[in-house]
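The values are calculated or read from the model by the stated rules, or taken from the named source; none is laboratory data. Not measured: the values here are computed from a predicted model. No Cβ is skipped: glycine too gets one built from the backbone with ideal geometry, and neighbour counts run over all protein chains shown. These area figures cover heavy atoms from the full protein model, side chains too; ligands, DNA and RNA do not enter into them. Shrake-Rupley method; radii C 1.70, N 1.55, O 1.52, S 1.80 Å.
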Amino acid sequence: MKYSMQKSAQIVALSSVLLLAACEPNPQVDSPANTNTGQQKEQLLNKDKETGAEAADVTEVDALESEELADQSLRLIKSDDQVIQHAEKARQQVVKLEEKIQAQKKAAKSKTAYMESAVAKMAIQQPSFRHNFSHNIQAPTMPQSNRENYSHNTDNPFNLVLDQPVSTFSIDVDTASYANVRRILNQGTLPPFDAVRVEEMINYFSYNYAQPETGPFSVYSEVGPSPFNAQKHLIHIGIQGNKIEDSTRPAANLVFLVDVSGSMNSADKLGLLKNALKMLSKQLTENDSVAIVVYAGAAGTVLKPTRGDNNAAIVDALTRLSAGGSTNGGAGIELAYRLAKQSYIKGGINRVILATDGDFNVGMVNQQALKNRVEQQRKSGVSLSILGFGRGNYNDALMQELAQNGNGNAFYIDNLNEARKVLVEELSSTLVTIAKDVKIQIEFNPDIVSEYRLIGYETRALKREDFNNDKIDAGDIGAGHTVTAIYEISLRGSANQSVDPLRYQSAHNKKQQAAELSENTIALNELAFLKLRYKLPQQNTSKLIEMPINTADIKASLQATSEAFQFSAAVAGFGQLLRGGEHLSTMDINKVIKLAQQSKGLDKHGYRGEFINMVKLADALAPHLTEKPSLEQ
């Protein structure tokens, strides 16, 4: 097919060249006949002027003009004959080439069918097929130019409580942004603003909130001074998912969907991917099932559903994977879901794990179409998780869309340590969903709080009415997951207000509030009212959790707050600095380092220490981050 398309292009190009050459207009201006005739006419006219005649002999001049026109007609006729002859030759050449192509199409048709049905052999380096694969459809290695794709989102603004007292959003447990930012910094450059999602940086870390006594998770809140701006406070909201032992994990039906296209042909992509999935396979048991689907220009099955304890077969299939060709991600997703549904485990974990750089370039490449297809497939009970790899062409925007709409989560694997964290240490959190469609809604008390902003979660915002609508999809919580959200607020009467209140509405609302508060004095003791909705994994009706956030809970100083409060604030501050620091007036890179160091706490796996080193690296790459940004930037 590829050969036929190339030959068709050659035919068109050849035809165009021949026809243009044939139709090239002959030069007329410099023709000797034209020159001589013009000179004769001019001599006649000059002769009449010299003899004093009133005008030239019209008959003699007309005769010369007729002779000139006749010569021109003869030349045009000859030119037309030449055009016809050239065009006929070109047509004959085109006919011959088309006949040749038709013969080649018939010969190639059976070969194409064979190639598509044998895509699994292409992926695992069968010697009998490797030559045809590389010769016919393997794409050249992509250059390491920066074609990375990120969705653009502006930071959440400050909102006046009088205008908008309620904030609603979906939780987010993805961590892809943090690992990707780390990779970019280690390459020696600062990340683009849109690569930094502050909530994913915060939620990369576990904050060890109290385990739930009842229900799938516990809810925690804390209020203290903000390190970002003077005269402001932070409301820290934490959710702790119920932890489960690996021995009690439900049986898992997993389909590894592996991108083996040409763009994956590098050590930090397919090489790292194979080692990461080998780590995961070693955690599986005889109760689990694993299949491997690969896709490049087409999709195929490398490993049919196999018992999880057959590690040798799984590792052998992964080891023999190789990359080449274009990327038909849509076809791979379809085949993986079909295989997952065939091996569906009722009451168990049914998940497709897509490992790719997201550089889909053939088949279904439209982001909205892929999103819609994944959204349809999630109704079958099979979820989709994303493992992102590589640099230069990493499609972060697509990865986020697919994970959010596939009821899964998105990770970025930049090294083996990250693979171990996601697929070994946090395997239960990655695979086991304990609550789905988790939404948070907080109503601020306008008599206590004048303004607020949610830090991060820009892509997870929901409408107020979405909170009670069980048909609206939201994020899921895995076993043992912690989820953290931070609001920055201004108390009424504080000096540093970001938004000026309106003159006339404020006076009216003050009278209305005074009347309401006289009837409801309990509101004087509450900063805000927090509500959460969630569904159990096998249910479609949500449950509600409600709790007030009291003014008595406000800590007097930052030092009086918990380690979780301080460290999450340090991470949030760093993320905001990387995004330009629009809403920061008292936070700089040195304060981030100091705050993180004093709240590092027990760092079992060294992740918090690594964060501090990341901040120092960013400081070395961009000394201007040390300067305190202004709110007027």
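For region 371-445, the solvent-accessible area works out to 26 Å² per residue, with a probe of 1.4 Å and every protein chain left in place. Among 238-244, 427-433, 353-359, sorting by the average number of other beta carbon atoms lying within 10 angstrom of each residue, highest first, gives 353-359, 427-433, 238-244. Determine the alpha carbon to alpha carbon distance for each of Lys436/Lys471; Lys232/Lys439; Lys269/Lys304 and list only those over 18 Å. Check vs 18 Å cut-off fails for Lys232/Lys439; Lys269/Lys304.
Only protein heavy atoms count here; on that basis, with a 1.4 Å probe, Arg464 has an accessible area of about 150 Å².
Karplus-derived 3J(HN,Hα) values for region 427-440, using 6.51 cos²θ - 1.76 cosθ + 1.60 with θ = phi - 60°, are 4, 5, 5, 5, 9, 9, 8, 9, 8, 10, 6, 7, 10, 10 Hz; glycine and proline are entered as x.
Summing Lys, Arg as +1 and Asp, Glu as -1, what charge do residues with Cβ under 9 Å from the Cβ of Leu536 carry, Leu536 excluded? It works out to a net charge of +3. With all protein chains in place and a 1.4 Å probe, the accessible surface of region 401-503 carries 44 percent carbon and sulfur.
Pairs from the table (Lys555/Lys600; Lys278/Lys531; Lys243/Lys379) lying more than 31 angstrom apart at Cα are Lys278/Lys531. Phi angles of region 400-412 translate, via the Karplus equation with coefficients 6.51, -1.76, 1.60 and θ = phi - 60°, into HN-Hα couplings of 5, 4, 5, 5, 5, 8, x, 6, x, 9, 10, 10, 10 Hz per residue; Gly and Pro are given as x. Take the solvent-accessible surface of the protein heavy atoms, probe 1.4 Å, and return the percent of it on region 187-342 that carbon and sulfur atoms account for. Carbon and sulfur together cover 47 percent of it. In the context of the full set of protein chains, region 537-623 has a per residue accessible area of 45 Å² (1.4 Å probe). Identify the residues of region 578-610 with backbone N under 16 Å of a label point that sits 7 angstrom from the Cα of Asn415 along the Cα-to-Cβ direction, or state none. Of the residues in region 578-610, 605-610 have backbone N under 16 Å from the label point off Asn415. Put simply, when 214-220, 435-441, 578-584 are sorted by average Cβ atoms within 10 angstrom per residue, most first, you get 435-441, 578-584, 214-220. Let me know the shape class of region 150-294, please: from the alpha-carbon gyration tensor, a ≥ b ≥ c as square roots of the eigenvalues, rounded when a/c is under 1.5, otherwise prolate if a/b is greater than b/c, or oblate. Taking the square roots of the gyration eigenvalues as a ≥ b ≥ c, region 150-294 is oblate. Average accessible surface for region 189-301: 32 Å² per residue, computed with a 1.4 Å probe over protein heavy atoms with every protein chain in place.
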